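Accompanying notes for the structure given below.
The values are calculated or read from the model by the stated rules, or taken from the named source; none is laboratory data. A quick note: this is a predicted structure, and the numbers were derived from the prediction, not measured. All Cβ positions, glycine included, derive from the backbone under ideal geometry; neighbour counts span all protein chains shown. When the accessible area is computed, the model is the full protein with side chains, heavy atoms only, and any ligands, DNA or RNA have been set aside. Shrake-Rupley method; radii C 1.70, N 1.55, O 1.52, S 1.80 Å.
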Amino acid sequence: MGVLNVTPDSFSDGGRYLDPEAAIRHGLEMIAEGADVVDVGGESTRPGSRPVDATEERRRVLPVIEALAPHVRVSVDTRTRAVAEAAIEAGATMVNDVSASLHEVAAAAGVSWVAMHMRGTPETMQAEPRYDDVVAEVRSFLVERAERALAAGVPEVWIDPGIGFGKDTGHNLELLARLGALVDTGFPVLVGASRKSFLGRLLGSSDAGRPLADQPTPPVAAVDDRVEGSLAVATWAVDAGARMVRVHEVRPTVQAVRLVAA
Ligand code: HH2
């Protein structure tokens, strides 16, 4: 799944694809690189972000979805009902729902649905997240939502641990280390770790040669400096049984995943 953020402020690529033509061009590029799904989003959900007005969100994503849907499977990355409905009209066949609350929209339209786990809302989620057992809590939340969606008639339900959504570095690592607990539910698992800040924290500064005093404290790898880390996590996730990975760098990920499969 290739990420296409039609936003001014996404943490990973904000502003690069706000112009619809640039977004469509990048979507076509990701298809050529081997993406099976292009995930189009018009609202950043980075930590601390504020909700976007639904009219504005629709204005951003609809022309891009209409242009890409004839060429590839399109998912819409939204937590807003009106946006999901309009996106389906425009050709999206999957609702990627970080709020795990829009299963009725997917059921009514007969499209796939991704339930992602998030603690709180993007505005507040990184304020000292705490769990007794992060894997057990995420698993039971997702299974409950997924079963409800199946009962409501959603034809295909995916689950996603929501790396970085109300989780600290330890929680993210624990979820990845024990991904099998989600795979064992039988629901197809999606993992999105690409370029996320826990990678930057774990990798530290790539400017290791610079005097320590000039380095940010603690050293954190920049967003554009997390390609290899993102690839490592995608490879790990697929090897652990994830059926899809949500990534910014499609070409190297497709190559890595094909090798794991071989
Ligand atoms: N992560 C982001 C957005 N949507 N959807 C799923 N299913 N899983 C994820 O892990 C996930 C997601 C955040 O990444 P990005 O789109 O790059 O940033 P932003 O929210 O700032 O647009």
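What to note about this one:
- Some residue of the stretch 15-32 being more than 26 Å from Phe198 (Cα to Cα), open to solvent by 60 Å² or more (accessible area, probe 1.4 Å) and in contact with a Phe, Trp or Tyr (Cβ under 9 Å, 6 or more places away or on another chain): yes
- Verdict on Pro70 being over 17 Å from the mean Cα position of the chain (by Cα) and touching a residue at least 40 places away in the same chain (Cβ under 8 Å): no
- Arg25 vs. criteria within 24 Å of Val157 (Cα to Cα), away from the ligand (no atom under 12 Å from the Cβ) and of a type in the set (D, E, K, R): no
- For the stretch 2-14, filtered to residues that are modelled with pLDDT of 90 or more and open to solvent by 40 Å² or more (accessible area, probe 1.4 Å), the residue that is farthest from the chain's Cα centre (by Cα) is Pro8.
- Residues within the stretch 234-249 that are touching a residue at least 24 places away in the same chain (Cβ under 8 Å), assigned to a helix (DSSP H, G or I) and surrounded by fewer than 23 Cβ atoms within 10 Å (Cβ to Cβ), tallied: 2
- On the stretch given as the stretch 112-141, residues that are under 20 Å from Thr80 (Cα atoms), open to solvent by less than 10 Å² (accessible area, probe 1.4 Å) and either touching a Lys or Arg at 6+ places or on another chain (Cβ under 7 Å) or away from the ligand (no atom under 15 Å from the Cβ) (or both) total 3.
- Filtered by the rule that a residue be open to solvent by less than 40 Å² (accessible area, probe 1.4 Å) and under 16 Å from Gly2 (Cβ atoms), the stretch 92-108 gives Ala92, Met94, Asn96.
- Identity of the residue in the stretch 179-195, assigned to a loop (DSSP other than H, G, I, E, B) and not polar (S, T, N, Q), that ends up nearest to the ligand (Cβ to nearest atom): Gly192
- The stretch 142-178: number of residues that are in a loop (DSSP other than H, G, I, E, B), open to solvent by 40 Å² or more (accessible area, probe 1.4 Å) and of a type outside the set (Gly, Ala, Ser): 4
- Qualifying residue in the stretch 55-73 (condition: open to solvent by 10 Å² or more (accessible area, probe 1.4 Å), closer than 26 Å to Ala151 by Cβ and not β-branched (Val, Ile, Thr)): yes
- Scanning the stretch 33-49 for residues that are within 12 Å of the ligand (Cβ to nearest atom) and either open to solvent by 70 Å² or more (accessible area, probe 1.4 Å) or part of a loop (DSSP other than H, G, I, E, B) (or both) yields Gly42, Glu43, Ser44, Thr45, Arg46, Pro47, Gly48, Ser49.
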